[in-house]
Every structure is written in structure tokens, then in C-alpha cells.
Amino acid sequence: MLSFSLRRILSAVLVLFAISIAVFLIFFATPGVDPAARIAGRSASPATLAHVRAAFGLNRPIFIRYLLMMDHLFIKRDLTSYVNVGLKVVPQVLKAAPITLALVSGAAVIWLVVGIFGGIIAAANRGKFIDPLVMFIGIAAVSVPAYWLGEVVNLITQSRLHSSLFSWVPSGGYTPFTQNPWQWALHLLFPWLTLAALYAGIYARVLRAELVNAMNEDYVRTARAKGLSERRILIRHALRCSLVSIVSLFGLDFGALIGGAALLTEVVFGLQGVGMLTYTALQNLDLPVIMACVLYGSFFVVLANAVVDILYAFLDPRVRVA
Amino acid sequence: MPDSPILSVQDLQVTFATRQGPLRAVDGLSFDVAPKEVVGIVGESGSGKSVSMYSVLGLVRDANVQINGSVKFQGREILGLSDQEMQPIRGGEIGMIFQDPMTALTPVYTVGWQIAEQLRAHSGMTKQQARERAIELLGEVGIPDPRKRVDRYPHEFSGGMRQRVVIAMALSCNPKLLIADEPTTALDVTTQAQILDLMLKLQDSYNSSIVIITHDMGVIAEMAHKVVVMYAGRPAEIGPEIDVVRNPRHPYTWGLLGAVPRVESRNDRLTTIPGNAVSPLDIPEGCAFADRCEYRMDICTKRPQLKGTNSHLDACWLSDEQRLTIRSKAVR
Ligand SMILES: Nc1ncnc2c1ncn2[C@@H]1O[C@H](COP(=O)(O)OP(=O)(O)OP(=O)(O)O)[C@@H](O)[C@H]1O
Ligand code: SF4
Ligand SMILES: [Mg+2]
């Protein structure tokens with residue numbers, strides 16, 4: 001188990017290294033394009049261009065350029081945006097990251113609890129009224145666009161009912177946890193719920209399907225023939241085996257969301273997270289920021305995948321040997 | 001006088017409602033299992049062997065199933081009991097062994113955990129006691145180094161070893177009856193023999209009765225005291241093993257035993273019977289075997305009832321004289 005984890009982490013590091021090279025090549029070694037012009041942004045002055053060339057060693061061999069780039073990104077952390085002149089890129093990402101992390105983690109807790117609970121309830125009541133009911137709520141949650149849901153939530157909590165029922169809801173934005181944990185949670189509550197709705201719906205439906213399949217497996221028949229209670233069969237055998245696929249789904253979703261896919265929720269609720277940062281950078285063609293965000297995003301996707309694989313091996317003994 | 005039966009199945013009917021209409025998987029099955037008796041159920045694939053024994057334990061989970069008849073365990077009607085009422089019987093009084101040991105165990109738990117789980121479901125054992133007993137049981141079913149193996153996962157065992165684990169589990173609570181659904185079909189020949197030996201040995205030391213499902217007459221000859229031959233969900237012939245094997249009465253049993261060589265398939269393996277098994281969706285009104293029977297008569301469009309002398313019964317319209325003639329021809 002330990003050696004499996006170590007191997008998995010090592011391979012994640014290698015993947016990250018490969019990604020950094022790939023990103024570098026895409027941004028700086030695309031033939032026929034002057035990277036200095038790209039970094040410096042639209043309508044940069046010749047002086048800026050010259051400065052960029054020197055800073056990034058653009059006339060030196062390509063691997064030196066790669067090393068210089070990584071130096072700017074990770075060691076000196078002084079990569080600057082030329083669109084918003086003087087703005088340091090890395091601190092910006094580091095400022096946005098906790099916001100996204102808080103948003104996504106909180107939502108993840110909610111959607112896991114609600115989704116797993118819903119899936120179990122539906123599977124346990126198959127053929128009764130409650131199963132299609134839960135599944136309908138699930139599909140409704142999946143079909144509603146997060147952006148629209150967020151707008152509606154805002155409309156209700158910020159204007160329509162703000163003076164009465166929802167007077168306690170703060171207007172958008174973010175309060176760091178270290179500053180005021182209560183306000184932190186209050187600010188994030190509706191973003192959490194909004195983001196979680198979609199995933200709770202998906203997870204409930206996926207888990208129900210997994211459980212229904214598992215309940216037809218031979219080992220469930222064995223468990224029943226052993227004289228176990230239906231509840232124990234469902235939870236300890238069917239659910240335990242279905243968790244494996246939920247975990248791998250979760251890893252992908254969580255990684256992608258941390259990497260910037262929570263953009264819509266961030267925009268609606270005015271949270272300056274990574275999604276928002278990437279989005280603005282893309283609009284301004286702010287290359288250094290885009291690159292930092294891409295690297296940051298891939299870092300989390302790879303990390304989440306590594307964690308999932310380790311968890312996977314923890315949950316499923318058959319994986320450990322491989 | 002034989003003791004009163006452990007298990008008594010009377011006129012068991014299992015019907016699945018399917019899109020193509022009702023599917024009679026089991027139709028009118030009756031037999032008794034006496035204490036310490038080994039009853040073999042034989043029949044081709046699809047003849048309803050598994051479904052009938054799953055019905056006994058309430059393990060047929062299909063919402064479209066209709067089960068009628070009576071199943072008495074130690075004199076108590078158990079057909080139609082709720083899952084909760086069945087819990088102490090399942091695994092506690094009746095143990096079950098399944099056909100495919102590769103899928104019968106939950107893949108994410110160690111074998112010891114799974115045996116202990118059953119022990120703890122039926123007794124007040126502590127975790128530690130259950131584990132010790134699991135180790136003992138693994139040793140009894142011939143798993144080498146059980147103290148180490150107890151913490152291994154099912155995928156770390158071979159098919160034969162897994163089946164031993166399943167047997168250990170089925171026997172863990174000293175059941176009065178062991179139902180084994182083709183326990184050796186998925187295993188290679190040497191392992192088959194070992195597993196059957198093991199079951200006989202354990203049956204002896206645990207004093208349990210066994211119902212063994214198989215499509216192999218060899219297994220019947222080796223193990224069973226009594227045989228139930230099933231065809232298309234119906235009992236074709238029932239009787240003591242010696243009588244059925246030495247003196248089979250039903251044309252289908254003749255085919256199974258290769259007792260009557262056939263002109264057109266002289267070089268085939270003796271136990272292959274010409275024609276395909278009848279589709280369970282349109283079993284004929286009369287004798288289910290009629291389509292494949294060489295001795296079909298006009299009356300065979302009416303359903304033959306199980307009848308016979310003493311305990312040897314069969315469902316066929318042939319008269320004793322006809323059977324004698326047919327079989328004496330075959331011997332020549
Ligand atoms: N859930 C179900 N729904 C519909 N038909 C079923 C269902 N389960 C079993 N059957 C049908 O019932 C019949 C008897 O099946 P069963 O599994 O008892 O056969 P078997 O004698 O055990 O055969 P095998 O030797 O292949 O195990 C088959 O025709 C099968 O297709
Ligand atoms: S009843 Fe008729 S068809 Fe059926 S087995 Fe006997 S002879 Fe053959
Ligand atoms: Mg079967």
C-alpha cells in the first residue's frame with residue numbers, strides 16, 4: 001500500500017513535469033510566432049518587447065528558456081503581467097486558489113453527502129414511489145444550468161426576499177476563513193449549494209445505478225444467503241463496492257473544478273477564484289496569467305487523480321498488486 | 001421408519017412474468033430431504049434447478065416472479081416468509097454454496113472477515129472469537145496455513161480455494177441443510193473430486209443433509225442417496241440413487257445416463273441427448289420431453305403425472321412392458 005502510494009506520487013510528479021514542458025512548448029515554441037509579442041500583450045512598445053526578450057532569454061537555447069520560465073514561475077515567482085502592468089502573476093494565483101478551494105471543497109462535502117444519501121434511498125426503495133421521486137429531483141438538479149440557478153438564488157436572496165427572509169445573506173464576495181470563519185461560511189453558503197446541486201444530482205443517479213447493479217451481483221446473493229440483514233447487505237456489501245466508482249468520478253470532478261471549472265459559480269457570486277482569473281486573463285490575452293493558471297489547473301487535476309488512485313487502491317484490494 | 005424430513009418441497013411452482021409471456025421455470029416440483037440424506041438434482045441447463053433451490057431460501061429477487069407451493073423446513077412453512085424472518089434460517093440453518101466461486105465472495109473484504117461476518121450474524125461471538133473460528137474452519141476445509149490466509153482477499157485465492165472458503169462459510173454455523181448449486185462446475189477435474197470429497201467428509205462430521213445440484217450423473221453416482229431428475233422445470237423421475245442409476249425409467253434419464261444407445265448418434269458421447277432443450281416459454285401442454293422423445297405416443301399430448309412404486313417415481317406414459325422391451329433391445 002505504501003509503496004503503491006509512493007509509486008503513484010512519483011508518477012504524478014513526472015506527469016507534472018511533462019505537462020510543464022508541454023505548456024511551455026505550446027506558449028513559447030510555436031513556430032512562426034514571436035513569443036515576446038505574445039507575452040507583452042497587444043500593442044506593446046518596442047522597449048517592453050526588448051525587456052521581455054531579455055527577461056525570458058528568448059534568444060538563448062530552448063532548454064535554457066524553459067529553465068528561465070520555471071525560475072520566474074516557481075523560484076523567483078516574479079512573472080509579471082504586461083496587460084495589467086506590474087501585476088505579479090504567481091501571487092495572484094495564490095490569492096485566487098484558496099477561494100476556489102474553499103468553494104469547491106465545501107460544495108463537494110454537500111454533494112457527496114446529499115448524492116450518496118439520495119442514491120442509497122432510491123436504491124433501497126426500488127419499485128416504490130420514493131425511488132422515481134429522488135431520481136426526478138436528481139435529473140432536475142442536473143438539468144438546471146449552474147449559472148441560471150446562481151442568478152435565481154441571487155435574485156431571491158439579494159433582492160426579492162433580502163429585506164425579509166434572507167436578510168442575513170451577505171452580498172457577494174469572499175471573506176477569508178482566517179479573518180472571520182462565520183462570515184466565511186455565510187458568504188460561501190449559497191455558492192456551495194448552487195455548485196453542489198448539479199453534482200448531487202449526478203452522484204445520486206450514478207450511485208443508484210451502481211447500487212442496483214451491485215445488488216444483482218453474486219456476492220450480494222451470497223451475503224443474503226449468509227443471513228445478513230437487507231440494510232447490512234446494501235451498506236456493507238453493495239455500497240462498499242460501489243464506492244470505488246464514485247471515488248474515481250469524484251476525483252475527476254473535484255480536480256477539474258479546482259482547476260477552474262467552477263468559473264460560472266465564481267462569476268455569479270463574485271468570487272475572485274481561479275476560474276474567474278483564467279476567464280479574465282483569456283479575455284485580455286494575458287499570456288503569463290493564462291500560463292500560470294493552466295499549470296495551476298493541471299497541477300490540481302494530476303494531484304486529484306493521484307489521490308483518487310491511492311484511495312482507489314485503499315478501497316479495492318485488487319488494485320494494490322498492480 | 002425414516003425420520004421426518006428436514007426439508008419438504010411440495011408442488012413448487014416458480015413463474016416469471018416476461019415480455020414474451022409467463023415463463024414456468026419450475027412446475028410442480030416435490031421432494032423430501034431426510035436428515036443426513038444427500039439429494040442430487042440433475043437436469044440440463046435451464047431446467048430450473050437453481051431457481052427451485054433459490055426459491056427455497058427466498059433468494060429469487062425478481063419483481064416479476066410468482067412462487068407457489070409449499071416448502072417446509074423442519075416442519076415449518078418457510079415459503080413466503082419475509083427477509084427478516086428468513087435471516088436466522090439463511091446461513092444459520094441452511095447453508096448455501098454457489099456455482100461460481102470467482103464471483104461469490106465480496107471482492108473488497110478478506111475471506112476471514114467474510115466468514116466472521118456470518119458467524120457474528122448468527123451467534124454472539126466477539127470479533128476475536130469469530131476470527132479464531134474462521135481460522136479453524138479454513139483449516140478444516142483444507143486451506144494450508146489458515147492463520148496467514150485468513151487475512152487474504154478473495155482474488156488472492158484460486159477457484160478451488162475460493163470454493164473451499166465458500167464451503168467453510170456455508171458450514172460455519174453448523175447448518176442442518178447444505179444446498180450446493182453446481183459447486184464444482186466451474187472447477188477443473190482434480191479440484192472437482194477434492195471438493196466433492198471434502199463435502200462428503202464434512203457432511204459426515206457435521207451431520208447435515210445436502211441438496212446438490214449438478215448436471216453431471218457422475219457426481220450423483222458418487223454422492224447422492226436420492227435423485228431428482230428435472231426436465232423443463234418439471235420432475236421427470238425421482239428415486240433412490242441406486243434405482244435411478246441402475247434402473248432408470250424415464251426416457252430423459254435414459255438419455256442422461258446413456259442407457260439407451262441411439263442409432264443416429266452412436267459415436268457421440270453417450271450422455272448427449274438429441275434435440276435442443278425445450279424453450280421454457282413454450283413448454284408443451286403434454287409431456288415436456290415429447291419433442292425429443294423417440295417413444296412418443298398419441299397420449300403424450302396429455303401431461304403424465306409422477307407415479308410409480310415405492311419411492312421410485314417417474315412422469316411418463318410408457319407402460320412397464322414397453323420399457324422392458326425398449327431396454328432389452330438396447331442391451332442387445
Ligand atoms: N429472473 C429471471 N427472469 C426470467 N427468467 C428466469 C429468471 N431466472 C431464471 N430464469 C429462467 O428460468 C429457467 C431456469 O433457470 P435455472 O437457472 O434454474 O436453470 P438451471 O437448471 O439452474 O440451469 P444451469 O444448469 O444453467 O444452472 C431458465 O430458463 C431461465 O432462463
Ligand atoms: S410421456 Fe411420452 S413423450 Fe414423454 S417421455 Fe414418456 S413416452 Fe416420451
Ligand atoms: Mg443453475
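For this structure, a couple of remarks:
- Residues that are part of a loop (DSSP other than H, G, I, E, B), touching a residue at least 40 places away in the same chain (Cβ under 8 Å) and more than 7 Å from chain A (Cβ to nearest Cβ) within the stretch B:108-126 comprise B:TYR109, B:THR110, B:SER123, listed in sequence order.
- Single unsatisfied condition, A:SER163 versus (1) in a loop (DSSP other than H, G, I, E, B); (2) surrounded by 13 or more Cβ atoms within 10 Å (Cβ to Cβ): (2)
- Any hit, the stretch B:40-51, residues being touching a Leu at 6+ places or on another chain (Cβ under 7 Å), more than 8 Å from every other protein chain (Cβ to nearest Cβ) and surrounded by 20 or more Cβ atoms within 10 Å (Cβ to Cβ): yes
- Inclusion of B:GLY233 among residues that are away from chain A (no Cβ under 14 Å) and either over 30 Å from A:GLY227 (Cα atoms) or away from ligand 3 (no atom under 16 Å from the Cβ) (or both) is not warranted.
- Candidates B:ASP27, B:ASP3, B:ASP62, filtered to the one that is within 16 Å of ligand 1 (Cβ to nearest atom), touching a residue at least 24 places away in the same chain (Cβ under 8 Å), over 19 Å from B:VAL227 (Cβ atoms) and not hydroxyl-bearing (Ser, Thr, Tyr): B:ASP62
- If the condition is being within 14 Å of chain B (Cβ to nearest Cβ) and of a type in the set (Ser, Thr, Tyr), then the stretch A:269-322 contributes only A:TYR312.
- Of all residues making up the stretch B:51-62, the number that are touching a Phe, Trp or Tyr at 6+ places or on another chain (Cβ under 9 Å) and small (Gly, Ala, Ser): 0
- In the stretch B:13-41, the residues that are assigned to a strand (DSSP E or B), out of contact with any helix residue (DSSP H, G or I) (no Cβ under 6 Å at 6 or more places or on another chain) and of a type outside the set (S, T, N, Q): B:PHE16, B:ALA17, B:GLY21, B:PRO22, B:LEU23, B:ARG24, B:ASP27, B:GLY28, B:PHE31, B:ASP32, B:VAL33, B:VAL39
- Cβ pairs under 6 Å, 6+ apart, first in the stretch B:79-107 and more than 7 Å from chain A (Cβ to nearest Cβ), second in a loop (DSSP other than H, G, I, E, B) and not small (Gly, Ala, Ser): B:GLU93/B:PRO175; B:GLU93/B:LYS176; B:ILE94/B:PRO175; B:GLY95/B:PRO175; B:ILE97/B:PRO183; B:GLN99/B:GLU182; B:GLN99/B:THR185
- Within the option set A:ILE110, A:ILE99, A:ILE120, being in a helix (DSSP H, G or I), over 19 Å from the mean Cα position of the chain (by Cα) and touching a residue at least 24 places away in the same chain (Cβ under 8 Å) holds for one residue only, A:ILE120.
- Residues satisfying the stated conditions in the stretch B:183-201, i.e. among the polar types (S, T, N, Q) and part of a helix (DSSP H, G or I): B:THR190, B:THR191, B:GLN192, B:GLN194
- Where a residue in the stretch B:308-320 is aromatic (Phe, Trp, Tyr) and its partner, wherever it lies, is surrounded by 12 or more Cβ atoms within 10 Å (Cβ to Cβ) and assigned to a helix (DSSP H, G or I), with Cβ under 7 Å and at least six apart: B:TRP317/B:CYS300
- Complete set of residues in the stretch A:264-280 that are buried (at least 23 other Cβ atoms within 10 Å of the Cβ), touching a residue at least 24 places away in the same chain (Cβ under 8 Å) and within 20 Å of A:THR80 (Cα to Cα): A:GLY273, A:VAL274, A:GLY275, A:LEU277
- Yes/no for B:ILE67 being within 14 Å of another protein chain (Cβ to nearest Cβ) and at pLDDT 95 or above: no
- Filter result (without any contact (Cβ under 8 Å) to a residue 24 or more places away in the chain and either within 13 Å of chain A (Cβ to nearest Cβ) or of a type in the set (Asp, Glu) (or both)) within the stretch B:127-140: B:ALA130, B:GLU132, B:GLU136
- Of the residues making up the stretch A:66-85, those that are closer than 14 Å to A:ALA55 by Cα, not aliphatic (A, V, I, L, M) and not in a helix (DSSP H, G or I) are A:LYS76, A:ARG77, A:ASP78, A:THR80, A:SER81, A:TYR82.
The values are calculated or read from the model by the stated rules, or taken from the named source; none is laboratory data. A quick note: this is a predicted structure, and the numbers were derived from the prediction, not measured. In this analysis, Cβ positions are derived from the backbone assuming ideal geometry, glycine residues included, and neighbour counts consider all displayed protein chains.
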